[in-house]
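K.L.:
Sharing a structure with you now.
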Amino acid sequence: MVISLLPNKLGRDFVVGDIHGCYDEFECLLSRVNFDSAKDRVISVGDLIDRGKDSLSCIKLLDNPWFYIVLGNHEQAILDWYQSHDQVTQETYKRKLLHNGSSWFLTLPIKQQRQIYNKLNSLPKVIFINNNNRLYCILHAEILPEINDINVFLKNIVLLEDKLTLKACLEGRRRARAKYYPFITGIDYLLCGHTPCFNFQSKNANTINLDFGAGSYRKGAALGMIDLASHSIVLQPIYNPY
């Protein structure tokens, strides 16, 4: 559920926002930063799949030793559908998958669905990483607004398995809606996605949102990735076919 990565002493660490099936744009980002798969690493804030045109290629990123990811709400929706055991519940989750843009998954052979499920079911909800003596916490959506201390958050999510904390981690938007961004103590930065920030002003206190609307095809949408050493953000525009 929560993992910590050892410091990368050989290369660079990048954190990428919600990819949402935009595999070609992700490849462009890697090319633009001269990514070296033998030394560098990428950590994704989740929502690897859906909406974009190539979710299957994105799923294959999970097989790379340099690619890490936290569970997003789109991945969780597939887990919920797969784990449902009665027809009514499964139909409910199927409608959610269709709303999310997961029709690509529903049309796959059962064996391939099971393989993808097994990969997604092993994903952590939180990743910690130390880079240049700065501690980063990476999750998909948010920490409950009632919690502004990382140690309290960890106690809730690891020891207590608090459902509200888990739900906020995967799909919360209360902080964004209230524009409530006090400093989260106990870490240097919180990196997340889930809520698109089309004005590209992604930093609030020590929270950095890396969702720039990939997969939405909205005007100005982009896929964004931050270099943890320099804190520079590289944006790759999303091709709009309309």
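K.L.:
If you take the residues of the range 41-61 that are open to solvent by 10 Å² or more (accessible area, probe 1.4 Å) and touching a residue at least 12 places away in the same chain (Cβ under 8 Å), which of them is farthest from LEU97 (Cα to Cα)?
P.N.:
ARG41
One line per residue, one yes/no per condition, for (1) without any contact (Cβ under 8 Å) to a residue 60 or more places away in the chain; (2) on the phi > 0 side of the Ramachandran plot; (3) not hydroxyl-bearing (Ser, Thr, Tyr):
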residue	(1), (2), (3)
ASN131	no, no, yes
LEU135	yes, no, yes
ILE150	yes, no, yes
ASN156	yes, no, yes
GLU161	yes, yes, yes
LEU166	yes, no, yes
TYR181	yes, no, no
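K.L.:
Name, by its number, the condition in (1) out of contact with any Leu (no Cβ under 8 Å at 6 or more places or on another chain); (2) farther than 20 Å from ASN132 by Cα; (3) exposed (fewer than 15 other Cβ atoms within 10 Å of the Cβ) that does not hold for LYS9.
P.N.:
Looking at each condition in turn, LYS9 falls short on (2).
K.L.:
Within the range 175-182, is even one residue closer than 23 Å to GLY220 by Cβ, touching a strand residue (DSSP E or B) at 6+ places or on another chain (Cβ under 7 Å) and surrounded by 14 or more Cβ atoms within 10 Å (Cβ to Cβ)?
P.N.:
There is at least one residue in the range 175-182 that is closer than 23 Å to GLY220 by Cβ, touching a strand residue (DSSP E or B) at 6+ places or on another chain (Cβ under 7 Å) and surrounded by 14 or more Cβ atoms within 10 Å (Cβ to Cβ).
K.L.:
Among the candidates ASN133, ASN100, single out the residue that is open to solvent by less than 30 Å² (accessible area, probe 1.4 Å) and of a type in the set (S, T, N, Q).
P.N.:
One residue alone meets the criteria, ASN100.
The values are calculated or read from the model by the stated rules, or taken from the named source; none is laboratory data. Everything numeric here is computed off the predicted structure, so don't read it as measured data. Heads up, the Cβs are rebuilt from the backbone with ideal geometry, glycines too, and the neighbour counts pull from every protein chain shown. The protein model used for the area step is the full one, side chains on, heavy atoms only, and it has no ligands, DNA or RNA in it. Shrake-Rupley method; radii C 1.70, N 1.55, O 1.52, S 1.80 Å.
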